[in-house]
Each structure stands twice: as C-alpha cells, then as structure tokens.
Amino acid sequence: MAVRDDHHGRPQRASKKHGPHKGSGGKRRRGLSGRGNVPKAEDRPYHPAHRAKVLRERAAQKHTESERARDRATAVRLKEGYELIVGRNPVVEAAASGMPISRVFLAGNLASDDRLARVIERATAQGAPVLEVPRGDLDRASEGAVHQGVAIEVPTYTYADLDDLFERASRRTGRPLIVMLDGITDPHNLGAIVRSAAAFGADGVVIPKRRTAHMNATAWKASAGAAARLPVAQVSNVVQAIKVCQDRGCFAIGLDAGGETTVVESGLADGALVVVIGAEGDGLSRLVRQTCDVIVSIPIASSVESLNASVAAGIALSEVATVRRAGAAEAGA
C-alpha cells in the first residue's frame, strides 16, 4: 500500500476510502434520500392538525347523537304503512269521509274549534287517541308543511282500479267522466286536479304507476280533502288505459296548448268522456297525443305562454260541466 508523509513529515498510510463525490452531498447523502409516503398532517398524532381533526369528528358525532336523541324523543313517530294528513281543511274533510284515523295530533289548544271538535269526536269513536304535542315535533313530522297545529295519522292511500271508476259512473249518471294524467310530477298539481275533478262531477282520476306524483300527504292537502270523496286509480300504461276507455264507449280529448279546437267546440263534452291532462311544461307525450280522439286547447291571451296544468284542468272540466248541465236542462224541458 502506498505511504505518504503528512504535513509534519511523518509517514502515513494511505486511506482506502475515496473522497466524497462531487454533487452527492458528501457524507449526508444518506440523510437526503427519500423517506417514502409521508402521512398527511392531520394523520400524524403529534401534529396540531391531527388534534383539530379529532375535535371536528367528536363534534360531528355529538351532533348526530343529539339528532338521534331528539328523533327518539319526538311525540310524532309514524307507524309503518301510515302517513300524516296536515292542515285543518284536509283533516276535517278526511274525517268527514269516514277515513279510518289512527291518531290525532294537536299542537296547542284547538279543541274549541267546532270543526276540529267533530274530528276529535269521530277519532274517539274509532278508538283513536288524541295527543297534544309540541309544535316543533309536528313541524319535523310534516317536513315543514303548513299544518296549522293539527294532523291525523291515517293508513297510506289505497288506489282504485279503472273498473271502479266505471262502476261509480254507472251508479251516478251512466256517462263516465274520467280525468287521466300524463306525467304530472308535482303533488300540488295532482291534488288541485283531484279537487277540480270532484267539484265538476268527474267519476275519478287516473294516474300512471311510475314517473308521476302520487297521493301523498302533500297531494292530499292540495285536494282540500277531495281525495277522500273521489277515487284515484293507478294504471301501468296511460296509452293502454285510454284505449280501454275508448273500447268502453268513451271519447278521449287531450288538453294541449297546440289543440285544434276547444272543449265546447269538440262536441264531445256531453257524452262519455276521458279528459287527458299533460305534464307541466312538456304537455302530452307523443303516443298519448296520437291515441286521443281530439286535441283541444283553452284560448288564452297571446302574452301568456301557457297555463299551469291544474288551472287548465279546472277550466276544461268547468266547460264540460257547463255543457252537461245545459244538455240536462234541455232534456228536462
């Protein structure tokens, strides 16, 4: 091995080590090597961000537990297969129809109201308890609807069949008047149409089973209790239901902004009739439109683009009722 002198002239054995490579960081090269995946700050136990994360999770858990405790403590918990009808008019109408009442909920002293007193009498006669509950509980149970301090728990709505509507017509006038809805998705509109149908002498309302509003508490309230008096039937297919009605002697008129005539001018209002109402905005679907015998419209000012579906239905049914009354008066004379 080579020997060299140090700076004092003493012999020194040469080192086997090579000097540090330029640009390598020298003896700290190893310390500068990568450490792999570094955890996020909030996942490092001793980092302030981790403590903040823990505090947030605890707060969220506490809030969830508080919500669960409040739900458990609420006095208004619906039984399976039941729903709420809220608001004074819908409650009074439903009770007057003989609908079975499971429970009555009152927020405040409302027993002095004569109409509600009769509701309480009917409920008591059926063995249904009357419960006084906090208004906040009723707010949550009704999902923010205007309940006016009263609600009743009733079985979920039972739909009729199309045949039931024809049987009802045969008992009444012998001339069916059926309202059929094509894609009405707003339960407020559904309820309002049921109300108009009941007011103008229809034998029932028909809705499809899918992609439509259903007779929930919102629709029931919008009907102002008319749903307790007028049957609502469900069908699998609106086009097929129209054809069934046509086979049974009905003409089908479709209500659409682009109709070629009016209800009165169609000459069909005095006979067995199906009035088909299209969806909000979109109107009648193509196949439904093709299946109807006549497409009618309601004349409106040119400055108004269109009418709400329930408003249009009410006007059309009013025109049908007017024609029928006039026909009955002429026959009586």
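The values are calculated or read from the model by the stated rules, or taken from the named source; none is laboratory data. As the structure is a computational prediction, the values presented were derived from the model and not from experiment. Note that we place each Cβ from the backbone using ideal geometry, even for glycine, and neighbour counts take in every protein chain shown. Surface accessibility is based on the protein's heavy atoms, side chains included, excluding ligands, DNA and RNA. Shrake-Rupley method; radii C 1.70, N 1.55, O 1.52, S 1.80 Å.
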* Karplus-derived HN-Hα couplings along the range 272-289 (A = 6.51, B = -1.76, C = 1.60, θ = phi - 60°), whole Hz, x at Gly and Pro -> 5, 9, 10, 9, 9, 10, x, 5, 5, x, 7, x, 6, 6, 4, 5, 5, 4
* To do: For the range 212-221, just list the computed ³J(HN,Hα) in residue order, Karplus coefficients 6.51, -1.76 and 1.60, θ = phi - 60°, integers in Hz, with x standing in for Gly and Pro.
  => 7, 6, 10, 7, 8, 4, 5, 5, 4, 5
* To do: At a 1.4 Å probe radius, which order do PHE251, PHE166, PHE105 fall into by accessible area, largest first?
  => PHE251, PHE166, PHE105
* Asked: So between THR156 and ALA96, what do we pick up on full extension, going 0.36 nm a residue minus the alpha carbon distance?
  -> 19.9 nm
* To do: Grab the beta carbon distance between ALA145 and ASN237, set R0 = 25 Å, and tell me the FRET efficiency rounded to 0.05.
  => 0.20
* What FRET efficiency, computed as 1/(1 + (r/R0)^6) with R0 = 56 Å and r the Cβ-Cβ distance, is obtained for ALA49 and ASN216, rounded to the nearest 0.05? -> 0.75
* Asked: Once label points are set 7 Å from the Cα along Cα→Cβ at both VAL244 and ASN37, what is their separation, rounded to one decimal in nm?
  -> 5.9
* To do: Rounded to whole Hz and in sequence order, give me ³J(HN,Hα) for the range 175-188 from the Karplus expression 6.51 cos²θ - 1.76 cosθ + 1.60, θ = phi - 60°, writing x for Gly and Pro.
  => 10, x, 10, 10, 9, 10, 10, 10, x, 6, 9, 8, x, 5
* Asked: Toward the positive end of the charge dipole of the range 136-188, about the Cα centre and with charges on Cβ (Lys, Arg +1; Asp, Glu -1), which of GLY136, PRO176, LEU162 goes farthest?
  -> PRO176
* At 1.4 Å probe size, with every protein chain present, just tell me what the per residue accessible area of the range 137-177 comes to in Å². => 50
* Asked: Points 7 angstrom from Cα along the Cβ direction at THR322 and ARG229: gap in nanometres?
  -> 2.2
